[in-house]
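Engineer: After the structure tokens below, expect a handful of questions from me.
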Amino acid sequence: MDVFLNNTEYGVTGTLEAATTDQVRGQYNVTFFEAIDCIKSILPYFKKNKRGTIIN
């Protein structure tokens with residue numbers, strides 16, 4: 001694998017005023033922390049092969 005395309009997304013619909021804190025945290029957890037987890041899982045492979053591109 002030479003390229004890792006990270007396209008993790010989850011969105012809360014509606015206005016920010018109507019969104020609960022749990023909904024916003026859930027969105028942040030998916031869009032940020034899940035992306036970090038995916039990247040961390042592929043990094044050892046890229047390091048071993050001394051190459052790799054991450055597109056986020």
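Every number in this text was worked out from the coordinates using simple rules, so none of it is lab data. Here the structure is a predicted model, which is why all the values come from computation and not from measurement. Cβ coordinates were reconstructed from backbone atoms using ideal geometry, including for glycine residues, and neighbour counts include every protein chain displayed.
Engineer: Around Phe4, which amide H atoms from residues at least 5 apart in sequence, or from another chain, sit under 5 Å from its own amide H, with H modelled in the peptide plane?
Structural biologist: Answer set, sorted by chain and number: Thr53, Ile54, Ile55.
Engineer: For a quick protection proxy, order the peptides 3-16, 35-48 by their average other-Cβ count within 10 Å, most packed first.
Structural biologist: Ranking the peptides 3-16, 35-48 by packing returns 35-48, 3-16.
Engineer: Now for a separate question. In degrees from 0 to 90, rounded to the nearest 10, what is the angle of the helix 35-49 Cα long axis to the longest principal axis of the chain?
Structural biologist: 0 degrees
Engineer: Run the quick spin-label model on Ala18 and Asn49: label points 7 Å from Cα toward the beta carbon, then report their separation in nm to one decimal.
Structural biologist: With each label placed 7 Å out from Cα toward Cβ, I get 4.5 nm.
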